[in-house]
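Colleague: Dropping a structure here in structure tokens format, bear with me for questions.
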Amino acid sequence: MRLGGIREDKTEMKTPESLKSELFEKLKQCPTIEAFFKESLQKRVGLDDTWIENPLVVYILDEEFKKESTLSGWIETLAGSPPDYDHVRKKLAGNHSYDQKMHDVLAEVRAYCDIRISGFTEIKAIPENIQKAPDFSAVLNETRYLFEVKNMRSPTDVQDFLRDKITARRLENPKDYENLEFHIRVARAWEEISFTSATAACMKSKLLNWLQDFFRAIESGEKLGALSRKRFVAGQKDELWVECDLKEGSHSIMSRFSRGQELDVVRRNELPPFLRKAVGKIDKGASQLFEYDDADQYQKYVLLSFELQEYFGLMKDELHAIIRGLDSIVKNINDKLHVKWVGRDNLP
């Protein structure tokens with residue numbers, strides 16, 4: 001996949017075919033991951049050129065991918081229950097929703113492992129043909145629990161869209177991007193735009209053309225000072241920025257949003273983007289849990305899984321404090337409802 005135009009420098013970009021070869025060669029290094037994903041991943045690679053944006057592809061092609069990966073351990077835990085292993089694996093059908101499903105499946109595999117190591121028994125993946133069903137049920141100390149896993153990516157669809165394109169470009173052309181960091185900021189108007197709707201096609205096309213110019217500037221050797229900010233304007237108040245900086249170790253050059261705002265779910269429109277998205281995910285997860293358990297018999301958990309290491313500009317402890325605050329709020333509404341961070345909070 002080429003997102004940019006003809007290159008003007010001498011750095012060779014990796015071709016789609018060479019990346020495919022590298023992908024499946026590295027996949028062979030980890031039989032556990034290969035057995036779970038290879039069949040569906042092969043179908044996905046044959047669909048269209050955006051396969052390189054798939055989260056599993058990015059994970060495998062990363063320079064730090066190793067045979068004994070964390071993902072391998074999660075899948076081995078899931079394999080301890082063949083029916084659940086098959087159920088989760090079959091969610092990946094190799095169709096055009098495959099990439100989104102991959103994000104969800106990776107979160108579910110991780111959550112299943114967390115539930116298992118927390119001492120729960122009778123863990124079962126609930127069939128999707130049951131309307132509004134949560135992801136898992138389990139038993140601990142003779143008490144039944146229900147779990148709905150919600151995957152948290154960027155605060156807005158447009159940030160996910162741009163992040164996927166930038167990550168793919170890095171894989172195609174690692175030398176030009178190895179010392180660069182990208183930060184994406186959006187104006188409030190972007191937060192309500194769904195990039196999964198048919199009406200978003202025109203906007204996505206315009207954004208992609210705009211991003212191509214950015215890539216061409218980087219790859220032609222333009223000075224970083226001239227690249228430090230590229231702005232896309234869809235309307236008078238619809239500004240969006242992609243900022244490009246030299247890496248400074250683990251230091252975060254800019255924050256995604258201001259910190260220290262008070263959490264108030266009644267005034268959700270005043271929350272920063274990440275918290276609005278988190279509250280929306282929790283609302284949706286809670287609705288599914290209560291619709292499935294309309295008699296309110298069981299303990300119900302919304303499990304938040306985070307993909308991004310930078311946690312939206314927050315430190316881990318800051319994010320954890322926010323999630324604990326959300327957990328306290330929902331427990332005040334119903335003492336059988338809980339919100340936990342997968343891999344960070346103890347269960348139950």
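Read-outs: derived from the displayed coordinates by stated rules, not from any lab. This is a predicted model, so every value here is computed, not measured. Positions of Cβ are backbone-derived with ideal geometry, glycine not excepted, and every protein chain shown enters the neighbour counts.
Colleague: Tally Lys/Arg at +1 and Asp/Glu at -1 over every other residue whose Cβ is under 9 Å from the Cβ of Asp164; what's the total? Present the calculation step by step, with values, prior to reporting the outcome.
Modeller: Values: positive: Arg163, Lys165; negative: Glu53, Asp99, Asp160.
Spelling it out: positives minus negatives among the neighbours equals -1.
Colleague: Excluding Ala295 itself, what net charge comes from residues whose Cβ is under 14 Å from its Cβ, given Lys and Arg +1 and Asp and Glu -1?
Modeller: Numbers: positive: Arg144, Lys300, Lys336; negative: Glu291, Asp293, Asp294, Asp296.
Here the count lands on -1.
Colleague: Report the gain in length on full extension from Ala187 to Glu22: 0.36 nm times residue separation, minus Cα-Cα distance, nm rounded to one decimal. Don't jump to the answer; show the numbers that get you there.
Modeller: Numbers: separation 165, 0.36 × 165 = 59.40 nm, distance 3.82 nm.
Result for the pair: 55.6 nm of gain on full extension.
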